[in-house]
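Participant: Shown below is the structure under consideration.
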Amino acid sequence: MKNYSTINEKIQKLRAGEISLKSNVEEFLLKISQNQKLNAFNFVFEEEALKNAEIVQEKIKNGNFGKAAGVVVAIKDVLSLKDHPLTCSSNILKNFEAIYTATAVQKLIDEDAIIIGKTNCDEFAMGSSNENSAFGNVLNPVDNQRVPGGSSGGSAVAVAAELCDVSLGTDTGGSIRQPAAFCGIYGLKPTYGRVSRFGLTAFASSFDSIGPFTNNVEDAASILEIISGYDKNDSTSSKTAVPAYSEVLKLKPGSLKIGIAEEYFGQGLSPEIKEQIFLIIEKLKLAGFEIKEIHLPHSEYTIAAYYILTTAEASSNLARYDGARYGYRSKTFSSLSEMYTNSRTEGFGKEVKRRIMLGTYVLSSGYYDAYYRKAQKVRRLIKNDFDEVFKTVDLILTPTSPTTAFKLGEKSDNPLEMYLSDIYTTSANLAGIPGINIPIAKDSAGLPIGMQLMANLFEEEKLLQLSYFIQNELIRKS
Ligand code: GLN
């Protein structure tokens, strides 16, 4: 259907009059309705998207248009868009509408992107399979019996099934990279603070980041360039200058040193994924890249530290859903405290309640030192591991997930097993560093295999450069 492969090419074709934006948006809307069973969207803004298509088309005609003119974007339903529903796929926010727009979304709108809808996700972004959503499961477009990954499952599917050009997701412990891996697309988690979190519903504030899902590296670079930057509304957003990512994608083969950590290739990793990644490593060597064995000795503690610290932060962040201020309020209560209890009991889903309880426990007096404080110390040790390694290499190459997309229901009764599927992605969030998923191959069942690259803080350029090389020289040519 699409007669362009990157968003920049689309913009050129729009300018040349080779694409009508209205028909393009109509085609996406049709495709969304034809693919309703995938359940990728919580809300589709049909009329508004069509109206905006006309406005942007006009702007293009007049020659005053932004860097994302006509790019059709879907956003995860944890991101605010003023006067539109913001549910976080939770019953507790069922009828809630955002009263302002997230900075990352506003930056896209300011560059004339068209927001086509809000995508399904795990409730409050807690999950790895998109099965924890009050809007129901999302299906993997490659195999409908399988999960798309989570928590940004809908955003990944929207891009993989070509229901939009690009989408935004959020990544607290892998929620961009893992669904990108399961759906066979690119997913970029920027450095913590690279993209403003203003308007992103908080899950674990010291971990949360917003990033793009795309079908190619060029689009990831273009979108990152637009959404990055300091924002006075987020004190943790960084003032580090934003490079023109999309203009610096080319690298000299062999110019980057790549680290491989044995801790990321151990027990539990699917042999097929391992094999495919090692094929890429061999090709990188042949292309002249130096591959160095490295060690990240505290890797075995990442899942434990992640699930202690993020649940602690979540228990605090989610205290605001009390039935009093906004969102769902129970119909049955006879005292204020019963109103709180019933609203939260009825409004939150099972996984969210599990996390609130876990987080409250690890923060409670008597357990604080044993769990929360200790996990904070482990977080520092994990960060130190990365600091050490980045003295000798530019990038770290790992699998994104230990398996390809698993079956719906396969892990939903076993939270621990589900948590273990985040084993390779949570470390980047603990350390605050950027990571990307690159779709490198298919397994014998035809399911996408993802590979992850991680870089030091604010070195997204290197991530994108090597990804671009791999995309063009190792994947497309093979
Ligand atoms: N799967 C992880 C979790 O359940 C990561 C979620 C995320 O990145 N939002 O916490």
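The values are calculated or read from the model by the stated rules, or taken from the named source; none is laboratory data. All of these numbers come straight from a predicted model, not from anything done at the bench. When we count neighbours, we look across all protein chains shown, and the Cβ atoms used for this are built from the backbone with ideal geometry, even at glycine.
Participant: What pairs come up if the first residue lies in the stretch 174-200 and is among the small types (Gly, Ala, Ser), the second is part of a helix (DSSP H, G or I) and within 13 Å of the ligand (Cβ to nearest atom), and their beta carbons are under 6 Å apart, counting only those six or more places apart or on different chains?
Facilitator: So the pair list comes out as Ser175/Ala125; Ala180/Ala156; Gly187/Arg177; Gly187/Ala180.
Participant: Let me ask you something else. In the stretch 160-209, which residue that is assigned to a strand (DSSP E or B) and within 16 Å of Ala405 (Cα to Cα) is farthest from the ligand (Cβ to nearest atom)?
Facilitator: Tyr186
Participant: Looking only at the stretch 141-153, filter to residues that are of a type outside the set (S, T, N, Q) and within 13 Å of the ligand (Cβ to nearest atom); which one of those is farthest from Tyr192 (Cα to Cα)?
Facilitator: The selected residue is Val147.
Participant: Right, here's the next one. Just to be sure before I move on: is Ala319 surrounded by fewer than 18 Cβ atoms within 10 Å (Cβ to Cβ), among the small types (Gly, Ala, Ser), farther than 21 Å from Lys383 by Cα and without any contact (Cβ under 8 Å) to a residue 24 or more places away in the chain in the structure I sent?
Facilitator: So Ala319 passes the test.
Participant: Checking the conditions here, which among Gly446, Gly409 is modelled with pLDDT of 95 or more and closer than 30 Å to Thr311 by Cβ?
Facilitator: The conditions single out Gly409.
Participant: If you take the residues in the stretch 411-423 that are in a loop (DSSP other than H, G, I, E, B) and within 15 Å of the ligand (Cβ to nearest atom), which one is farthest from the chain's Cα centre (by Cα)?
Facilitator: Asn414
Participant: Shifting gears a bit: Using the structure shown, decide if Thr404 is part of a loop (DSSP other than H, G, I, E, B) and either of a type outside the set (A, V, I, L, M) or closer than 21 Å to Gly149 by Cα (or both).
Facilitator: Criteria met by Thr404.
Participant: Continuing with the same structure: Of Gln465, Gln471, which residue is crowded, with 24+ Cβ neighbours inside 10 Å and more than 17 Å from the chain's Cα centre (by Cα)?
Facilitator: Every option except Gln465 fails the conditions.
Participant: Now for a separate question. Scan the stretch 424-446 for residues that are assigned to a loop (DSSP other than H, G, I, E, B) and of a type in the set (Ser, Thr, Tyr) and report the count.
Facilitator: Residues meeting the conditions: 3.
Participant: Right, here's the next one. Scan the stretch 211-228 and give yes if some residue there is in contact with a helix residue (DSSP H, G or I) (Cβ under 6 Å, 6 or more places away or on another chain) and within 16 Å of the ligand (Cβ to nearest atom), otherwise no.
Facilitator: yes
Participant: Please work out if Ser128 is in a loop (DSSP other than H, G, I, E, B), under 12 Å from the mean Cα position of the chain (by Cα) and either polar (S, T, N, Q) or within 13 Å of the ligand (Cβ to nearest atom) (or both).
Facilitator: Numbers: in a loop (DSSP other than H, G, I, E, B): yes; under 12 Å from the mean Cα position of the chain (by Cα): yes; either polar (S, T, N, Q) or within 13 Å of the ligand (Cβ to nearest atom) (or both): yes.
So Ser128 passes the test.
Participant: Further question: Could you tell me whether the stretch 411-418 includes any residue that is in contact with a Gly (Cβ under 8 Å, 6 or more places away or on another chain), within 25 Å of Gly193 (Cα to Cα) and not aromatic (Phe, Trp, Tyr)?
Facilitator: Scanning the stretch 411-418 turns up no residue that is in contact with a Gly (Cβ under 8 Å, 6 or more places away or on another chain), within 25 Å of Gly193 (Cα to Cα) and not aromatic (Phe, Trp, Tyr).
Participant: While we're on this one: Scanning the stretch 329-361 for residues that are among the polar types (S, T, N, Q) and assigned to a helix (DSSP H, G or I), which turns out surrounded by the fewest Cβ atoms within 10 Å (Cβ to Cβ)?
Facilitator: The selected residue is Ser337.
Participant: Step by step: first the residues of the stretch 270-297, then only those that are more than 24 Å from the chain's Cα centre (by Cα) and in a loop (DSSP other than H, G, I, E, B), then the one that is surrounded by the fewest Cβ atoms within 10 Å (Cβ to Cβ). Which residue is that?
Facilitator: Ranking the candidates gives Gly288 first.
Participant: Sort through Glu162, Glu123 and tell me the only one that's surrounded by fewer than 24 Cβ atoms within 10 Å (Cβ to Cβ) and not hydroxyl-bearing (Ser, Thr, Tyr).
Facilitator: Unique residue meeting the criteria: Glu162.
Participant: May I pose another question? Could you tell me whether Ser90 is within 16 Å of the ligand (Cβ to nearest atom) and more than 15 Å from the chain's Cα centre (by Cα)?
Facilitator: For Ser90, the condition - within 16 Å of the ligand (Cβ to nearest atom) and more than 15 Å from the chain's Cα centre (by Cα) - is met.
Participant: So, of the residues in the stretch 48-87 that are of a type in the set (D, E, K, R) and surrounded by 22 or more Cβ atoms within 10 Å (Cβ to Cβ), which turns out to be farthest from the chain's Cα centre (by Cα)?
Facilitator: Per the stated criteria, the residue is Asp77.
Participant: List the number of the failed condition for Ile303; all other conditions in (1) β-branched (Val, Ile, Thr); (2) in a helix (DSSP H, G or I); (3) more than 29 Å from Asn414 (Cβ to Cβ) hold.
Facilitator: Every condition holds for Ile303 apart from (3).
Participant: Still on this structure, please answer the following. State all residues of the stretch 60-100 that are out of contact with any helix residue (DSSP H, G or I) (no Cβ under 8 Å at 6 or more places or on another chain) and part of a strand (DSSP E or B); if no residue qualifies, say none.
Facilitator: Scanning the stretch 60-100 gives Pro85, Glu97.
Participant: Find all pairs meeting these conditions: Cβ atoms under 6 angstrom apart; at least six residues apart or on different chains; first residue within the stretch 257-281 and over 17 Å from His295 (Cα atoms); second residue buried (at least 16 other Cβ atoms within 10 Å of the Cβ) and charged (D, E, K, R).
Facilitator: Taking only residues 6 or more apart or on different chains, the pairs are Glu272/Asp443.
Participant: If you don't mind, another one. Residues in the stretch 382-399 that are outside any helix (DSSP H, G or I) and surrounded by 20 or more Cβ atoms within 10 Å (Cβ to Cβ): how many?
Facilitator: Going through the stretch 382-399 one residue at a time, the tally reaches 8.
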